[in-house]
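The values are calculated or read from the model by the stated rules, or taken from the named source; none is laboratory data. Keep in mind that what you see is a predicted model, and the values were worked out from it rather than measured. Note: ideal-geometry Cβ built from the backbone for every residue, glycine included; neighbour counts use all protein chains shown.
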Amino acid sequence: MLLLLTLVVFLLFSVLPADPARLTCGKACTPAIIEANRERLGLNLPVWQQYWEFLKGIFVGRTYGSGTASFTCDAPCLGYSFKRGEEVTTLIKTAFPPTMWLALGAFILWITVGVSAGVYTALRRGRWQDKTIMGLSLVGYSLPSFFIGLLLLFFVIIKWQLLPFPSYVSPFEDPVQFFQTMLLPWIVLAILYAAFYTRLTRNQMLDTLGEDYIRTARAKGLPERTVIRKHGLRAGLTPIVTAAGLDLAGLLGGAIITEQIYSLPGLGSLAINSVVDADLPVIVGITLVTASFIIIANLIVDLLYAVIDPRVRLV
Amino acid sequence: MGKAKPGVKFAVVAAAGALLLAACGGGSSDNGDSGNGDSGATKGGTITYLQLEEQFTNLDPQRVYTGEDLAFFNGTIFRTLTAYKFSADAAEGTTIVPDMATDLGTPNADSTEWQFTLRDGITWETGDPVTCEDVKYGVSRTFATDVITNGPTYAISMLDIPSEEDGSSSYKGPYTGVGQEAFDQAVTCSEDNKTITFKLSRPVPDFNYTVTLLSFAAVPKAADTGEKYDDKPVANGPYKIQEYTKGKGGKFILVRNDAWSQDSDPYRKAYPDQWSVDFGIDPTVIDQRLIAGAAADQATLSNALQPQSLPIVFNDPKFENRRINEFDPYVRYFAVNVQKVPNLKHRQAIAAAMNRDALLTNAGGAFAGDLADGVIKPNIGQDYAPTGLWEGLLGQTIPATGDPEYAKQLIADSGEPMPTITFDYPNTPTNEKAASIVVASLQAAGITAKPNPIEAGQYYGVVFDPEKAHEVINAGWGPDWPNASTVIPELFTPSGGFNLSQADDKDFNANVDAAKIESDRAAQATQWQELNKYAMEQVFAIPTRFGRDQRLPGEKLGNAYLWPAYGAWPYGDMYVTQ
Amino acid sequence: MSVLVQDNPAASPPTPDPDQGEEIQGRSLSAIAWGRFRRDKVGMFSLGVLILLLLSALLAGPITSLMGVDPYTLNPEALDKANGGIPLGCGVPDASFFCGISREHPFGVEPGTGRDLFARVLYGMRISIFIALSATLVTTLLGTVFGIVAGYLGGRWDTVISRLMDIILAFPFLLIILALSGVFTQRLVAIGVPEGNPARITYLVLVLSLFGWPYLARIVRGQVLSVREREFVEASIAMGAGTRRILFKEMLPNLWAPIMIYATLTLPTYIATEAVLSFLGVGVLPPTPTFGAILADSVTYMSIIPSYLLIPGVILAILVVTFNLVGDSVRDALDPRASRQ
């Protein structure tokens, strides 16, 4: 699966408009220099061979350049960014922690808020609480992330100056500044996702609450709490878990907009900068890493399916 | 005037507009403490440099080619044979003084051979002496064009080393050693390893300006790691690199280099104890911090202010003594691709139609600079003379808002159908608006026009490719030293490195070659003035503005003026007031 | 639509509303739905706002010319050249929150060019809605078909489609869309799509759909997996119903709710996504305005011209929110089972 993915990524990006050999060539570029560059970047080889070199790099490392100017990139080598003068693996390793904190914090926030609001509204369907929360969740769900992000940035930071301008530090270095920086990004993502999960949970709950076995459970005289938790929520959990797994995995690959707006040095920022610079090795590396997260999440979700809903047979 | 970031990086900066470039300037010059007021200059303290970029484009001396970086590294870690004088004055600040060399160099009669002798006591941070061989090795690295990218290539075009058929040098750099003998003949060291001699393929009367570029800085062969030298080069200036971590939150810290002695370096003042560069700071945050001026940020500096900070800084008298609003070394222009628009009348029509006034307003009005009349900027000095481009050079006077009717008439006179004009520009919000103005200007004259946005980071990679470049190309350029020999030949001849116009006019080329080797500087200046005028008449380019730069240094910074040599801070001259 | 609702499976017939019991015979289902919808105050209000927005987008030309503005004309007289080319009255010490706004330019003007923002917002809205609508149609079609095929046929079909979905879902789609826009727009031109905006819009619609359908297909597939285990489907199979009947008569009606939910949520999402993409620089060419391009420029001036960010942003927000609210109410009205029981 991953192998297939790497191939697709590789082929997709082998057709980028800007010739990387030309991009690194600078001014006073002659065909000879372009050719030499191409060789240095490994682009003189046919695509399949580049792909092979790339795969080999992941497992045994690879050597760049020739003569006294050569250097090695140790396994697992996802490539070397000549633009930044850094191994892709290092770049991704450095960019991962901010993204991870962003994703985890937001995830906890939105799952807690989203699922409980979903259950709550389902139980109070049709009443004003339901209508208010659903209305709000719609608003939250609808707004584009960059608008929420900019709005919060404008009011909370620029206009009212409740928080300092975001400047990421590791939580182990300066927890206070870390929370000050992460608070708004967490909220932005949580608003976006919680709204979706509220709706999803509510719909699932309503569906299952209408099922016969719920009526049976109620008729048996089980306490309402038990009915909801053991029967209602559990049966409706499948799509929630699916979505949660994929969303978390997706976020671990970087939240481009949120990271950009709040200057978080995460995978999303790295990705967008690499796109702007046509820094191919980095784009390919990030795509792979991100995709791996999602594929792994998929596997886990598939396994969870069977656990949660015994009626589902694994095909 | 100065060195420019040669197009490659520079124009990207210009291009990246909203994100990277403040680019706009008010009329009056508010420069608080210009000049070399050394009174009160004291040693000590740390100067903090807030960088929006996540790393230096390059740190390897042979690969550095942006004005700000050249000024910074030259003032702190890398010494060159000669260097620009520290001064805010446009004339004085672009004259050269000896640095590693004992004097300004000795040319032979026809300036084809230049000799520089090194001072005594210059050492690397390791304590080893800096020798002629080190300088020679440094220069040789430029020839390894597959590893040493981005840097200026004057060594290749000026040194007397045979070229191959495709125009590349027969010397391939020290890593492969191909053609080493030819190089060893062109650059020689004396017995005592103190005197270096450069043999040039043509007369270069101002070669001692060329060697101010870091590409002529020394590199110790034993420490050269090729590609990786870009991360940790060896210093021979008053500071050495203590830390370099890239990325947002990364730092570049310079501490005193104990092996450096003031005796061997009368040029650099080396006032602060430390320099600290913080990478990847949001430009809004940078401005916010400079404007707020909290205690921790008073010895802080950064580059150009963001457009939205300008009204704040320039409408508040509180900043009167700090704010800086000066011309930078750059000319912004649209290259007109003569291969794609071969008809002169068509090119003139494009120029006549252009609403330059709207473009200037869009770039930031008065903060952005003045309307331009050529690719040579007045602050270069003697090489500038008004070209009269808009006062009749195109056949009649053209108002700043453009003259679509006259453009239509020129097209009609041409007798040929006007080609469709595509405008290449780096994709940023400000440039998008500029593109709208360009398209609207051309359409008003009945010309079919299309915008073509290109990702900012890939911009020059694309437009340098003759296959991919279109008719009109957004660009910017500043001279590498105060001689239009670093402008006209670069921009408008096939051998130039920035010939986006694809110009190849035989007479023009011959005149350029003659001007290049003219040893009478005044005569040479007249020739550049004529060539600039001719290039404008031929509409190789449409100059849109002479740019300005606005900055706000921290309150406690001394000698915080815009150094005309590079359009940058005079890093080697700055101090922290105690 | 109503046909499908009518065909709601026997196993779970729509529960008639008690208060409509007597009339139900004489009214068509859409009339019933409309009746329900009419009583939904939020829905009605949103619909009103939405219709207003849609009409103004549709009639952007006449409205703006009536007001004497248009989205392309430069208005240098509205700008302060000495103060950075920003709208007059902005960026000075006592500037008001709504500086730059005047009777001629109710939303203010664009800094740098002076183009009228009211006109630009209306024209931008038109493009956004067009792109989102096209992409939603394609997405829904792809998602439903692939989801049913994968879930119902199972076996090899399911494996192939699921793997395909996995691969697509695994891609960081924003990154890919950004990185490949240039190349693929050129490819589209090469296969005959007119150059310029048509090619760019086609690209947007295609990539949005391409990366959007698996989400729906997944939900549909999951639903099919549980529905096909239900008694009524098993009963149909036992009675010897053909695949087509089972798919379209038994399954589809049960999938209607999730598909509708997804589609109604997708349309505004695509409006937002299109804005994000043009915010990041992938979108229609200048001078054609889009929400994203307007907002991307406004960020630079956030602290001195707040209305430049807020007005287009709030209108974009109202557009997506009302779309969602109306979609929600339509669903409630058409599929009472999902909301009333």
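For B:HIS470, which of the numbered conditions (1) in contact with a Pro (Cβ under 9 Å, 6 or more places away or on another chain); (2) surrounded by fewer than 24 Cβ atoms within 10 Å (Cβ to Cβ) fails to hold?
Every condition holds for B:HIS470 apart from (1).
Out of the range B:373-416, which residues are outside any loop (DSSP other than H, G, I, E, B), buried (at least 18 other Cβ atoms within 10 Å of the Cβ) and in contact with a helix residue (DSSP H, G or I) (Cβ under 8 Å, 6 or more places away or on another chain)?
Matches in the range B:373-416: B:ILE380, B:PRO404, B:TYR406, B:ALA407, B:LYS408, B:LEU410, B:ILE411.
Using beta carbons and a limit of 9 Å, which pairs, at least six apart or on different chains, have the first residue in the range B:173-193 and farther than 11 Å from B:LYS136 by Cα and among the β-branched types (Val, Ile, Thr) and the second one surrounded by fewer than 21 Cβ atoms within 10 Å (Cβ to Cβ) and at pLDDT below 95?
B:THR176/A:SER66; B:THR176/A:GLY67; B:THR176/A:THR68; B:VAL178/B:SER170
With the requirement that a residue be touching a residue at least 60 places away in the same chain (Cβ under 8 Å) and not hydrophobic (A, V, I, L, M, F, W, C), what does the range C:148-198 give you?
Scanning the range C:148-198 gives C:GLY151, C:TYR152, C:ASP158, C:SER181, C:GLY196, C:ASN197.
Could you give me the residue pairs with C-beta distances under 6 Å whose first residue belongs to the range C:260-289 and is more than 10 Å from chain A (Cβ to nearest Cβ), whose second residue is of a type in the set (Lys, Arg) wherever it lies, and which are 6+ apart or on separate chains?
C:MET260/C:ARG331; C:VAL284/C:ARG200; C:PRO289/C:ARG120
Quick one: which residue in C:ALA95, C:ALA135, C:ALA150 is aliphatic (A, V, I, L, M) and within 14 Å of chain B (Cβ to nearest Cβ)?
C:ALA95
Listed here are the residues, each with its yes/no results for (1) in contact with an Asp or Glu (Cβ under 9 Å, 6 or more places away or on another chain); (2) of a type outside the set (Phe, Trp, Tyr).
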{"position": "B:SER215", "(1), (2)": "no, yes"}
{"position": "B:ASN236", "(1), (2)": "yes, yes"}
{"position": "B:GLU243", "(1), (2)": "no, yes"}
{"position": "B:LYS269", "(1), (2)": "yes, yes"}
{"position": "B:TRP275", "(1), (2)": "no, no"}
{"position": "B:ALA296", "(1), (2)": "no, yes"}
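Out of the residues in the range A:255-278 that are part of a loop (DSSP other than H, G, I, E, B) and within 13 Å of chain B (Cβ to nearest Cβ), state the one that is surrounded by the most Cβ atoms within 10 Å (Cβ to Cβ).
Filtering first and then ranking leaves A:GLY266.
What pairs come up if the first residue lies in the range A:279-308 and is more than 7 Å from chain C (Cβ to nearest Cβ), the second is among the aromatic types (Phe, Trp, Tyr) and assigned to a loop (DSSP other than H, G, I, E, B), and their beta carbons are under 9 Å apart, counting only those six or more places apart or on different chains?
So the pair list comes out as A:ASP279/A:PHE82; A:PRO281/A:PHE82.
Return yes when B:PRO266 is without any contact (Cβ under 8 Å) to a residue 60 or more places away in the chain, surrounded by fewer than 23 Cβ atoms within 10 Å (Cβ to Cβ) and under 30 Å from B:THR46 (Cβ atoms) and no when it is not.
Yes: the conditions hold for B:PRO266.
Given the conditions (1) closer than 29 Å to B:PHE252 by Cβ; (2) in contact with a helix residue (DSSP H, G or I) (Cβ under 6 Å, 6 or more places away or on another chain); (3) at pLDDT 95 or above, and given that B:LEU200 satisfies all but one, which numbered condition is not satisfied?
(1)
Report whether or not A:LEU41 is at pLDDT below 75 and within 11 Å of chain B (Cβ to nearest Cβ).
Judged against the criteria, A:LEU41 is a match.
Would you point out the residue of the range C:186-203, among those that are of a type in the set (Val, Ile, Thr) and part of a helix (DSSP H, G or I), that is farthest from C:ILE131 (Cα to Cα)?
C:VAL189
Go over the candidates C:GLY143, C:GLY112, C:GLY124 one by one and state the one that is crowded, with 24+ Cβ neighbours inside 10 Å and touching a Lys or Arg at 6+ places or on another chain (Cβ under 6 Å).
C:GLY112
State the number of residues belonging to the range C:92-142 that are more than 12 Å from C:VAL69 (Cα to Cα) and in a loop (DSSP other than H, G, I, E, B).
15
When you scan the range B:419-503 for helices (runs of 4 or more DSSP H) that lie fully inside it, which ones turn up with 1 or more residues that are over 22 Å from the mean Cα position of the chain (by Cα)?
Once the helices (runs of 4 or more DSSP H) in the range B:419-503 are filtered for at least 1 residues that are over 22 Å from the mean Cα position of the chain (by Cα), what remains is B:429-444.
Scan the range B:216-225 and give yes if some residue there is in contact (Cβ under 8 Å) with a residue 12 or more places away in the chain, more than 12 Å from every other protein chain (Cβ to nearest Cβ), out of contact with any Phe, Trp or Tyr (no Cβ under 7 Å at 6 or more places or on another chain) and surrounded by 24 or more Cβ atoms within 10 Å (Cβ to Cβ), otherwise no.
Yes, the range B:216-225 contains at least one residue that is in contact (Cβ under 8 Å) with a residue 12 or more places away in the chain, more than 12 Å from every other protein chain (Cβ to nearest Cβ), out of contact with any Phe, Trp or Tyr (no Cβ under 7 Å at 6 or more places or on another chain) and surrounded by 24 or more Cβ atoms within 10 Å (Cβ to Cβ).
Go through (1) in a loop (DSSP other than H, G, I, E, B); (2) surrounded by 15 or more Cβ atoms within 10 Å (Cβ to Cβ) one by one and return the number of the condition B:GLU165 breaks.
All conditions are met except number (2).
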